[in-house]
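Data block below; observations after.
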Amino acid sequence: MRRSVVPVLSVVGFLLVMWYAAAVWLNAPWAYDKATRSGEVLTTSTLVADTWSQEKPKLPAPHQVGKEIWKTTVEKKITSKRSLIYHSWVTLSATLLGFVMGTGLGILLAVGIVYNRTMDMSVMPWVIASQTIPILAIAPMIIVVLNAVGISGLLPKAMISMYLSFFPVVVGMVKGLRSPDQMQLDQMRTWFASKSQTFWKLRLPASMPYLFTSLKIGMAASLVGAIVGELPTGAVAGLGARLLAGSYYGQTIQIWSALLMAAALAASLVGIIGIIQRVTLKRMGMA
Amino acid sequence: ADDVTLQLKWVTQAQFAGYYVALDKGFYEEEGLNVTIKPGGPDIAPTQVLAGGGADVTVDWMPSALSAREKGLPMVNIAQPFKSSGMMLTCRKDAGVASTDDFKGKTLGVWFFGNEFPFLSWMSKLGISTDGGDDGVTVLKQGFNVDPLLQKQAACVSTMTYNEYWQVIDAGLTPDDLQVFKYEDQGVATLEDGLYVLEDKLSDPAFEDKMVRFVRASMKGWKYAEANSDEAAEIVLDNDASGAQTEMHQKRMMGEVAKLTAGSNGALDPADYERTVASLLSGGSDPVISKAPEGAWTHQITDKALN
Amino acid sequence: MTEKQSVISARNLDLTFQTNDGPVHALKDVNLEIKDGDFVSFIGPSGCGKTTFLRVMADLEQPTGGTVTVNGVSPEEARRQRAYGYVFQAAGLYPWRTIGGNIRLPLEIMGVPKSEQAERVNRVLELVELAGFEKKFPWQLSGGMQQRASIARALSFDADILLMDEPFGALDEIVRDHLNEQLLHLWERTGKTIAFVTHSIPEAVYLSTKIVVMSPRPGRITDVIDSPLPKDRPLDIRDTPEFLEVAHRVREGLRAGHQDD
Amino acid sequence: MTEKQSVISARNLDLTFQTNDGPVHALKDVNLEIKDGDFVSFIGPSGCGKTTFLRVMADLEQPTGGTVTVNGVSPEEARRQRAYGYVFQAAGLYPWRTIGGNIRLPLEIMGVPKSEQAERVNRVLELVELAGFEKKFPWQLSGGMQQRASIARALSFDADILLMDEPFGALDEIVRDHLNEQLLHLWERTGKTIAFVTHSIPEAVYLSTKIVVMSPRPGRITDVIDSPLPKDRPLDIRDTPEFLEVAHRVREGLRAGHQDD
Amino acid sequence: MGWLIFAVVAWIVGWMLNVWLARRPPSRLTGLASPIVFGITLIAVWEGVVNGFEINQVLLPAPSVIAVRFASSTAILWVDFVQTVLKGALSGYVIGCGSAFLIAVAIDRFPFLQRGLLPVGNFVAALPVIGMAPILVMWFGFDWQSKAAVVVVMVFFPMLVNTVQGLQSTDAMQRDLMRTYAAGYWKTLLKLRLPAAMPFVFNGLKIGTTLALIGAIVAEFFGSPVKGMGFRISTSVGQLALDLVWAEIVVAAIVGSAFYGLMALVEKRVTFWHPSQRN
Ligand SMILES: Nc1ncnc2c1ncn2[C@@H]1O[C@H](COP(=O)(O)OP(=O)(O)OP(=O)(O)O)[C@@H](O)[C@H]1O
Ligand SMILES: Nc1ncnc2c1ncn2[C@@H]1O[C@H](COP(=O)(O)OP(=O)(O)OP(=O)(O)O)[C@@H](O)[C@H]1O
Ligand SMILES: Cc1ncc(C[n+]2csc(CCO)c2C)c(N)n1
Ligand SMILES: [Mg+2]
Ligand SMILES: [Mg+2]
């Protein structure tokens, strides 16, 4: 753990330097453009200063993004519509609901696939095919259709999260529920254990490591789903709406801060699962 | 109170100020209405929402509504708060565009999603092909912002007088750097931002009555917004859940929008309608609508609402 | 001495596996009688069908011909009655359960009341000399201890028959000697009937009242040797001529089976 | 007889592993001399450091104290000179290579010309009686055949020293007897120096000119037994009193080491 | 009502057919037939429900309508396929997977990079990359290059993480063996680590297939020339040409599944030795 602090810090440091350099490079054309039109001449230092402080840069400098995040998290009341924390919360609630539904669906499907040969043979290819459908393309339709049957608000977004998060759970859980070897299953047979006993006492606990790995992927997918789901709900609120509004008005700084906020949210959600994983597996004697 | 759901064509901004003002000032309430305003977005097709029953009435552009009508979705214009079109093509002079003759060989940014129709009929009127090449223009599906113009990826982009044009200005280009073509001036303007409902619902007297009250209150809102432009912008800001709009931009937008609504009392002018239809029918090889629609508008509501 | 009762009896047993490369004749025309209180070892080269035979007795595999009865009923019925405990080659303890939890597992499945569970777990843990390790997880124990825990688990519900498939295969010689001794004690004390698969000639001779020598392709019984050794067997018995004599006979039988290769 | 040359020599060898639960003293004060042409077996309970000792000789582990020389140079230097072949406990064949490809692997790495590679592969395949299996993949062979292939791999580049870590641990007794015999033949014919780890007393006694008995915690050598058996050893030698005598001595040594448990 | 009964009957018949198939001895044929039967059942139920409940075609067209539109629009679909799949997705996939692979090998070489880059990589991998699409469109223009860039970003991290994991998947004994041969870094890489990494590499490649397609399509929502699957989908929704939208989605699903299947096939060939491929 401690061993990686220095390497991680140096990599992050390197990335920051690259970021600043890229900001100069990407924003310079606009700076020159402006300068030519107003007839100024740019020295290196004014160029750099300009590229790091444009209002709508192609690539905002890290400190610009940092300032924006600070302004929209710490300096705003969390109930304000201009607070990123408020928007994160909106996204988070859809993410969590979708994640719970996706995990549930995924586990149910996995149990079906493991226990029912018919399902095993027929469903799996379609589960894979379902993921090749571009969700962003049908997300608006899902929302409209659900609207038509009277479902709106959190649930449609959560359904899109569910759609993205159930897949890794199915794949992981099928693997996990099948991870007990033949001998362990035979053992259960020798004790004349029922199907449900075999499930609760063998298959489920054996699948735990797989479950947690899939949950991590599923959580990240769920967040993507919530963000995607926010784009066509009318850009009302949430990190996705911020991204979109930022994009609509060319506010790159706002886009980047929403993006980083989303990444931080994803990292902390995945991190929380990681902690639960460690605690659970430790208590189960599997870590 | 009766429930009414209004689906907007785009995100919450001063373009829809009249409705927010009516809501905020209690005009709807006075009419005994409980109105829900659903913001739109880039992927929301208001027509689809209407078809799905997600809204009672929607704000849409007429080309898109007429096209939907031909697809079998009987949308009817019941009111037209916007008198004139705010659409224009904004070009960089340094890209070599000074007049419509300079378009050939250039790349032009166009909004799709049902908003491309006026552009296509304009081009066909100019006799310019839209499939690229030296004799035609290369069309690019423009995203939500004016980046292609700023990044010089396109010589011109679509803008609204009240919105994107000012984003270009804010970005640092001056009006002198730009050459704009207003659709109104080019004679290809189509009706924007009207109120549409499904045809069969109009025969229900209860619904009709609701709409009468709704249009009456909405127009009251619009006229209030025109008169009190800054206050209207503030009201819009209060209703923007994304918290992304800025006061300066919305006040300016309200000022521009007021110019577009100025000539309308809410009732559709049949002459404007005919002009729009004619323009769309002339859409070259692939016209938006193939024959003149019937019953696509009515004064049934405005007659009662405004008298 | 009255004739003891037959516990397991196989008549003309045949078992063919259908595989991708064609059928594998794992058991052919196998006849065997195991009496109450017998300690029967199965020895033979790899792939001769020892495991398969044991699995047939345990109703983990269906014969394709012939009959087996366990306690006079079909293996399936015997399994229903939980008539036997089965010890697999690897300890196969569940890593997420403590040693106690592992031993408790069959009891939970069979619906033994909680209070009795605890008592039984304690008893068998003592039997295999693992008292005090109840709360440990499997990976905190050495291989030999894990194997003992797995035996304890098979003993916990006190079936009259014990089927053991190379339970000591993975252990070192000293530990193995020790466990062999203990297994003999247990058998003497409880009078269980034990079927025991092994690869080791000394182990087979040391433990058994009856040694079944098998040979492969197709798997069949080539020799059944009744041990003349007394019931009481110190480890040193392995250096006696009687022992070496039996061992020699087993080795000869095995070598004969290998000749075909 | 002239004094034979020392091939491996360990002086006051010490090796401590730093683990999370504190240091593990795997080897303590180990002294040993292996002469040219010796066949030395290492025997001892699990965890006594047999593998560790072998790995030190092979420069796969660094001692924390004392010195080892192999052919008079450091283990690292010896490794660079490809002075030894190492056979691991598991066959460890690469599943994506055929048997022939696996045996060719060290030759490719050492830059042996293609034509010679083929010839050598054939020769060692014959040596371990696997001719005809060159094109098969490892998983298509039985455990015993895989183990033989892995020995062939270690033989292919004809190093003078052979380090073998329980190469026959996973095999059944008959196959093991057979491979033991063949290994003895090979050793006689080639005059290689062999260091051999095993858990089996008979195997150690049967094969070796010298038996090293080790005991754990900390791992140290408790006894070094020079075998009085002749070089020529039929399998039957295992029933002779001399053999049993040596075996007894080894067992006593082992038991003494186990006492501490 | 008739249509609804049709849907119910179709479901029951399809399910029973699959139950029957599942009872038969497993073979290539049954393995192929049962997902097909399942798919046909789904489509039949869809047709029945859409017609039975008289769902507006503007909301959800019936499969028959989609099929007709598909057949009559092959020219458009082909143009879009070339633009989105061949130009955008494929080039991005190759660049993304290729560079991730090379960087993984480099990371593996230097433990310092491994310890530094992997946690950062994992953080970035959790980032909702879709959000990068508008930015990349801004950077790389509206044509296929920006779509390829989005695809590169999307496939890069799954591929990187998998490859790094694969290169570390050799067990200690296999590495020790190489040591005893005094094999150098490159020989060990070539003869041991790369072959051993293949199952993981293919894991990354397979995950990448669906991501590539989604990335390329989604990026077209943020600006594109007037062709491409994402362009068609978004503009057709606006024109209420839902049948064309679904025809594009069908293309996407077929191409995605075929791409995935192709990778699975190559995987089977390359990693024939892995236990998971030997069943
Ligand atoms: N499920 C199965 N399907 C196909 N063949 C099988 C199956 N189980 C065992 N066999 C084959 O049946 C034969 C007998 O196998 P079995 O496991 O009973 O041998 P064994 O005597 O226990 O061998 P070992 O000493 O190696 O454990 C072998 O040839 C084996 O390959
Ligand atoms: N890499 C390592 N890190 C920490 N401890 C180790 C390591 N390798 C071995 N040990 C410990 O060193 C001791 C000796 O191990 P070694 O593998 O040499 O024993 P062994 O005699 O070969 O046992 P076995 O017969 O079970 O193979 C053991 O206690 C083991 O746990
Ligand atoms: C994807 C997409 N792009 C552009 C428009 C066009 N449009 C119609 S109204 C409006 C607001 C003007 O400020 C805009 C931009 C759209 N509807 N959807
Ligand atoms: Mg067996
Ligand atoms: Mg060892």
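Side notes on the structure shown:
- Selected residue (criterion: farthest from ligand 4 (Cβ to nearest atom)) from residues of the stretch D:134-177 that are of a type in the set (Lys, Arg), modelled with pLDDT of 85 or more and open to solvent by 10 Å² or more (accessible area, probe 1.4 Å): D:Lys135
- Filter pass, A:Val236 being in contact with a helix residue (DSSP H, G or I) (Cβ under 9 Å, 6 or more places away or on another chain), open to solvent by less than 20 Å² (accessible area, probe 1.4 Å) and of a type in the set (Val, Ile, Thr): no
- Considering the stretch D:35-111, the qualifying helices (runs of 4 or more DSSP H), each wholly inside and each with 3 or more residues that are surrounded by fewer than 17 Cβ atoms within 10 Å (Cβ to Cβ) and at pLDDT 90 or above, run over D:75-80.
- Summed over the stretch B:252-267, residues that are more than 18 Å from B:Lys220 (Cβ to Cβ), crowded, with 18+ Cβ neighbours inside 10 Å and over 14 Å from the mean Cα position of the chain (by Cα) total 1.
- Of residues in the stretch A:180-201 being more than 7 Å from every other protein chain (Cβ to nearest Cβ) and over 16 Å from C:Glu108 (Cβ atoms), the one most open to solvent (accessible area, probe 1.4 Å): A:Gln182
- Pair list, Cβ under 7 Å, 6 or more apart: the stretch E:57-76 residue within 12 Å of another protein chain (Cβ to nearest Cβ), other residue of a type in the set (Phe, Trp, Tyr) and surrounded by 17 or more Cβ atoms within 10 Å (Cβ to Cβ): E:Pro61/E:Trp246
- Pairs, first assigned by TED's automatic domain parsing to the domain that holds E:Ile95 and open to solvent by 10 Å² or more (accessible area, probe 1.4 Å) in the stretch E:216-231, second modelled with pLDDT under 85 and aromatic (Phe, Trp, Tyr), C-beta under 7 Å, six or more apart: E:Pro225/E:Phe142
- Once the stretch E:120-131 is narrowed to residues that are open to solvent by 20 Å² or more (accessible area, probe 1.4 Å) and more than 7 Å from chain A (Cβ to nearest Cβ), the residue that is farthest from B:Ala155 (Cα to Cα) is E:Asn122.
- Residue match in the stretch A:58-68 (condition: among the acidic types (Asp, Glu), within 16 Å of A:Ala258 (Cβ to Cβ) and part of a helix (DSSP H, G or I)): yes
- In the stretch C:6-21 there is no residue that is among the aromatic types (Phe, Trp, Tyr) and either assigned by TED's automatic domain parsing to the domain that holds C:Thr193 or within 16 Å of ligand 2 (Cβ to nearest atom) (or both).
- Only one entry in C:Pro202, C:Pro234, C:Pro218, C:Pro241 is under 19 Å from C:Lys50 (Cα atoms) and more than 16 Å from ligand 1 (Cβ to nearest atom), namely C:Pro202.
- Residues that are touching a helix residue (DSSP H, G or I) at 6+ places or on another chain (Cβ under 8 Å) and basic (Lys, Arg) were ranked within the stretch C:211-261; the one that is nearest to C:Glu173 (Cα to Cα) is C:Arg238.
- In the condition set (1) surrounded by 15 or more Cβ atoms within 10 Å (Cβ to Cβ); (2) within 14 Å of chain A (Cβ to nearest Cβ); (3) acidic (Asp, Glu), E:Glu54 is compliant with all but (1).
- Extreme residue, nearest to ligand 1 (Cβ to nearest atom), among residues of the stretch B:159-188 that are polar (S, T, N, Q) and surrounded by fewer than 19 Cβ atoms within 10 Å (Cβ to Cβ): B:Gln186
- For the stretch D:184-192, the criterion of a residue being among the acidic types (Asp, Glu) and touching a residue at least 40 places away in the same chain (Cβ under 8 Å) is satisfied by at least one position.
- Close Cβ contacts (under 7 Å, 6 or more residues apart or on different chains) running from residues in the stretch D:49-70 that are within 16 Å of ligand 4 (Cβ to nearest atom) to residues that are open to solvent by less than 40 Å² (accessible area, probe 1.4 Å) are absent.
- Within the stretch B:24-51, restricting attention to residues that are in contact (Cβ under 8 Å) with a residue 40 or more places away in the chain and small (Gly, Ala, Ser), the residue that is nearest to ligand 5 (Cβ to nearest atom) is B:Ala45.
- Tabulated pairs, the stretch D:216-244, first farther than 23 Å from D:Lys192 by Cα, second assigned to a loop (DSSP other than H, G, I, E, B) and open to solvent by 40 Å² or more (accessible area, probe 1.4 Å), C-beta under 8 angstrom, 6+ apart or interchain: D:Pro216/D:Ser46; D:Pro216/D:Gly47; D:Pro216/D:Asp260; D:Arg217/D:Gly47; D:Arg217/D:Asp260; D:Gly219/D:Gly47; D:Glu242/D:Pro228
- Residue check for E:Ala100: modelled with pLDDT of 90 or more and either open to solvent by 50 Å² or more (accessible area, probe 1.4 Å) or among the acidic types (Asp, Glu) (or both): no
- At least 3 residues being small (Gly, Ala, Ser) is the threshold, and among the helices (runs of 4 or more DSSP H) wholly inside the stretch B:229-307 those reaching it are B:229-239, B:270-281.
- Test: residue in the stretch A:133-152 that is at pLDDT 85 or above and in a helix (DSSP H, G or I): no
- Checking C:Glu129, C:Glu119 one by one, the residue that is open to solvent by 50 Å² or more (accessible area, probe 1.4 Å), part of a loop (DSSP other than H, G, I, E, B) and not aromatic (Phe, Trp, Tyr) is C:Glu129 and no other.
- Within the stretch B:1-41, tally of residues that are assigned to a helix (DSSP H, G or I) and of a type in the set (Gly, Ala, Ser): 4
- Tally, over the stretch D:32-51, of residues that are within 9 Å of ligand 2 (Cβ to nearest atom) and touching a Phe, Trp or Tyr at 6+ places or on another chain (Cβ under 6 Å): 1
- Answer from E:Ala219, E:Ala253, E:Ala247, E:Ala196 - the residue that is hydrophobic (A, V, I, L, M, F, W, C) and within 20 Å of E:Phe156 (Cα to Cα): E:Ala219
- Residue that is nearest to D:Ile201 (Cα to Cα) [pool: residues in the stretch C:224-247 that are within 14 Å of another protein chain (Cβ to nearest Cβ) and surrounded by 15 or more Cβ atoms within 10 Å (Cβ to Cβ)]: C:Arg238
- C:Leu27 being open to solvent by less than 20 Å² (accessible area, probe 1.4 Å) and either part of a loop (DSSP other than H, G, I, E, B) or within 16 Å of ligand 2 (Cβ to nearest atom) (or both): no
The values are calculated or read from the model by the stated rules, or taken from the named source; none is laboratory data. The structure displayed is predicted, hence computed values, not measured ones. For neighbour counting, all protein chains shown are included, and Cβ atoms are generated from backbone atoms with ideal geometry for every residue, glycine included. Heavy atoms of the whole protein, side chains included, go into the accessibility calculation; ligands, DNA and RNA do not. Shrake-Rupley method; radii C 1.70, N 1.55, O 1.52, S 1.80 Å.
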